[in-house]
1. Which value in nm describes the separation of the simple spin-label points at A:Ile363 and B:Asp351, placed 7 Å from the Cα toward the beta carbon?
2. Just to be sure I understand the model, the point goes 7 Å from the Cα along the line to the Cβ. What's the resulting A:Ile438 to A:Gln480 distance in nm?
3. Rounded to the nearest 20 Debye, what is the dipole magnitude of segment B:241-343 about its Cα centre when Lys and Arg each give +1 and Asp and Glu each give -1 at the C-beta?
4. Tell me, what ³J(HN,Hα) does each residue in segment B:39-56 have, in order and in whole Hz, if you take phi through Karplus 6.51 cos²θ - 1.76 cosθ + 1.60 with θ = phi - 60° and put x for Gly and Pro?
5. Based on the Cβ-Cβ distance from A:Glu418 to A:Leu302, what FRET efficiency comes out when R0 is 41 Å, to the nearest 0.05?
6. Multiply the residue gap between B:Glu192 and B:His207 by 0.36 nm, knock off their C-alpha separation, and tell me the result in nm, one decimal place.
7. For segment A:309-440, what class follows from the C-alpha gyration tensor (a ≥ b ≥ c being the square roots of its eigenvalues): rounded when a/c is under 1.5, otherwise prolate if a/b is larger than b/c, else oblate?
8. How big is the Cα convex hull of segment B:227-331 in projection, averaged over all directions, in nm²?
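The values are calculated or read from the model by the stated rules, or taken from the named source; none is laboratory data. Predicted, not measured: the structure shown is a model, and the values here were computed from it. Cβ: placed from backbone, ideal geometry, glycine included. Neighbour counts: every protein chain shown. Just the protein is used for accessible areas: all its heavy atoms, side chains included, with ligands, DNA and RNA removed. Shrake-Rupley method; radii C 1.70, N 1.55, O 1.52, S 1.80 Å.
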Amino acid sequence: MDSRRLPRTVIDPKVRLVGFFTSGDPPPARFNPNTADATAATAAAISSSSQNSDINLTGNSLSPVMIPPLRRMSPRRCDEMQMPIGSYNPSESLLGTSPSRRGINGPDFSEVATSAWLGISGSMKAAASFPGSSGEMMMVGKNGGNALVKNMDTTELAAKTVPGVTEKDGGTLTDMKNEGAGTVRHQKQMTTRAERRAIQEAQRASKAAAMMDGKGGKSIASTGGGAPSISNQEKVLKQSQKKDGPQETGATSEKKVSRNPDKDRKKDIPQPRMQFDDKNRVEKAKRRAVVNQFEARNRVELFRHLPQYEHGPQLPYLESKFFHLDNIHPSVYKVGLKYLSGTITGGNARCQEMLLAFREAIIDYSTPPEKVLVRDLTSKIGSYVSFLIECRPLSVSMGNAIRFLKNRVAKLHHNVSESEAKSRLISDVDRFINEKIIVADQIIVQHAVTKIRDGDVLLIYGYSTVVEMILLHAHEQGKQFRVMVVDSRPKLEGKILLRKLVMKGLSCTYTHINAISYVMHEVKCVFLGASAILSNGTVFSRVGTACIAMVAHAFRVPVLICCEAYKFHERVQLDSICSNELGNPDVISNVPGKEDVNHLANWADHKNLQLLNLFYDATPSDYVSMIVTEHGMVPPTSVPVIVREYGKDQFIF
Amino acid sequence: MPDVQTLVNDFVLKLKRRKIEGSQASAKQTAELLRSVVSQQRLPYINQATVLLDAVRAVGEQLIAANPVELAVGNIVRRILHIIREEDLTSTASAMEGLSLSANSDDDDNYEREDHQALSAAAVAAAARSTLRAPSLQTLLEGIPESASAPHPSSSGGDSEGKSKSAERSSRSKKLKHDVIEAINELIQDIETCHEQISEQAVGLIHQNEVILTLGRSRTVKEFLCAANEKKRSFRVFIAEGAPRYLGHVLAKELVAKGLQTTVITDSAVFAMISRVNMVIVGAHAIMANGGVIAPVGINMVALAAQRHAVPFVVVAGSHKLCPLYPHNPEVLLNDFKSPSDLLDFGEFSDCMDFSTSGGSPRLHVVNPAFDFIPSKLVSLFITDTGGHSPSYIYRLIADYYSADDFVVRRRSTTS
């Protein structure tokens, strides 16, 4: 096994930035006590040299793609760490239940003194030279660490060694985060790492070929590892830790949670969307509606299931109604009006504004007498949401955020005081905004920037905030590249982005979507944003994205979709028609800045003429080369995996 | 002939300034101009065809150079060169006919048949060689009766030709020019009526409740759709507006006036809608010899989307758009670039330009190409005025309209 896998640990990182990988498993002999004994002798000799390479190895092997984390070694190592800890209760720990916990190295353990084992496992944790172990390492360091220490104390097993180890863990983590490359600060840790290294060296000595490979790779690795890339990968590491959590705790947490899982699943299935070709329901909805909607005159037959309203008169109507709508919180009202007028667009901005409005509403909320906070607040939020839907249909990102918030409200305990509940909810909202949007964007930027090289020509479409951040960040790093800004009617969002980029000093080329086949010849890479990514890998994004991706695919240009994981959804969609949003058709008939194009001036008078202003389209997954999320860079086929693995913790934490 | 020269100069200027738009207009005007060139050309008694060819070629070269992207001009020049060659050939053949009829009258019938069969092939080959025309089924069919009756002169070739020419010199000198002008008139007629001939095929291709998508505006497409509508077919049309010229709006207005169910969509929504479309019908700027199409910008995107959803992609074009050239890098070499003001107003980014020019080259470029190239594999069918053709057949169609000698107009004229 190791002869095959060993060279893999030192492969040049550039080769395997994309896609799945199985990181090199540490040779099993490492756990052999005999070799462990031998470590002390060789430790000092190799320590200095091995440390550097170790850390570089860590940096390199932590490819941005961490899904799935290696499963073969990690459970075993968890076992090894837990085996000596007799009283350790698996159900309480994140490390607890793993499917492959079948006592793999059971016999070995019985022979070994526990303290020695802990020492070795500790050293492994500290060294973190194995990419696969990094996730576990982090877990032990952060989550498991305390529990481990506690358990150690109670069981009185190797009381001295373990706290030392955990300390070292913490030290390593901070060390690596801060400085990336190895420092000589932690002498203790060095020796432990050296021990392990020595074992590895002894292993390698027996296999000449493998060693040759290893050295070649090592030299590349040590020269290639740069500080930013390591810090970047550190973040991935964090993510991988998160990801490992639910996988291994899945069983326990489900058992622990008293709810019936089926019930939960039922709840998770989204409500069927309103179909506007159903006359009865539309009538009902109209009676309930706050906003007075006027049906558009020339409706497109194919889209009768979607709301098609006149876009002119709602805004003044709503504005005039401002003082009559008591049940809507003013901040929510404000956001609704902004949606309606189109002041706020874009999935992130809309979601963020909505959450902030809800936050305000929660701050101002007080439970009416004879009502329960949980129920009342949920219904309040529900009414806000339906108001917002009337202003503009929800995006997937907003839907996910609302689901999260409602979940949090529902999970509030009955005996929690009102102020306590409110402050909890507010901190939840803040954390959602911070973790799912702001930090996620930063991580995405750091992933995506690695794909930009000097001399590249990058094509972008429309205005995506994440893509803008990526380009600006790459420009700040001093990368020389050109940007093709492709734009399309009627929104012409690209102009805004173009202005921002040109102001920052990037060299840009501007064109419209029809000329995409002409400009695609020189394009190296396409960066696109997304409104939502659906479980079948379909990318739901601003209209035209599918065209761009299709042409790029035809010209063999890679397409990178940059999207935060909170926009993922378990829904599936095959076309752009079943679920979409229709904009104001009037903007198609008049072309701003071109008075001579007025052939469709009074188009609504012709009953045979319809104008269709689609907002979104669905890009088939085979046009997408890669999706950049905060969890790494994944192929579109991995979307359901992310939805499954993160969907849980998105609403549980 | 100063008057012809001024006409030519006028036309060249118009082409250069892109005053003439659309291949049909430029094709028609080119043909009319060349007709007057031919009619005003004074012909000597011998080598009339060569003189005429040279004259047309000289003018043609100027016209092609004036707007090399407007391939219809070159097509018409080549068509007229081809016409002159054809007319020369037929007039020569008919002259031979007169001679050979008297010579062959006393021959044995049976023997004559066989002899004619054998010789006719040689005559056809000689005729083909003399015009350097690609051998074609049509010439074979047309050539057999003519050359079959003239076996002896064709075999005895050049020396007898001089004699026969001198015999009918006066009649032929007028006849060639007259025939050529007649043929050019026919060509102009063809260009004018190509829409009707194309739209006659509409009913056979559009069924009831069909959903058709098109991009921009092409007159041929408009006539095609209207013809189907007049025949009481009811179908709906999606029109992508075709930025940055927005001719789709014009087409939508015209079709609505005819009572067609029309929906205007943005260009970016093409992929979203193509899955519900039964057929894509677009016009073309030119059809290249390999079956590739040069069409208004954006159509390649439509073609790719159509291919993805297995929607038939039909190109309607008159035969004057058939170009005998094989494209090389057509996106760049056979493209026109329009004003960037179509996309960005000149004032709009002036504040950014102040410091963006500091590095020497400006930081902001605007690309506004006029044409797309659609490779032949994306095209399902060509509808021309001679019927429907598959892309792989286009090279063959071209051999009917052009002689291989004229493919490069310039080289010939510079050497002569």
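1. It is 3.2 nm.
2. It works out to 3.7 nm between the two label points.
3. 240
4. 5, 8, 6, 7, 10, x, 7, 10, 6, 4, 4, 4, 4, 4, 4, 4, 4, 5
5. Efficiency, from the Cβ-Cβ distance: 0.25.
6. Here the segment from B:Glu192 to B:His207 would lengthen by 2.7 nm.
7. oblate
8. Here the figure is 7.4 nm², rounded to one decimal.
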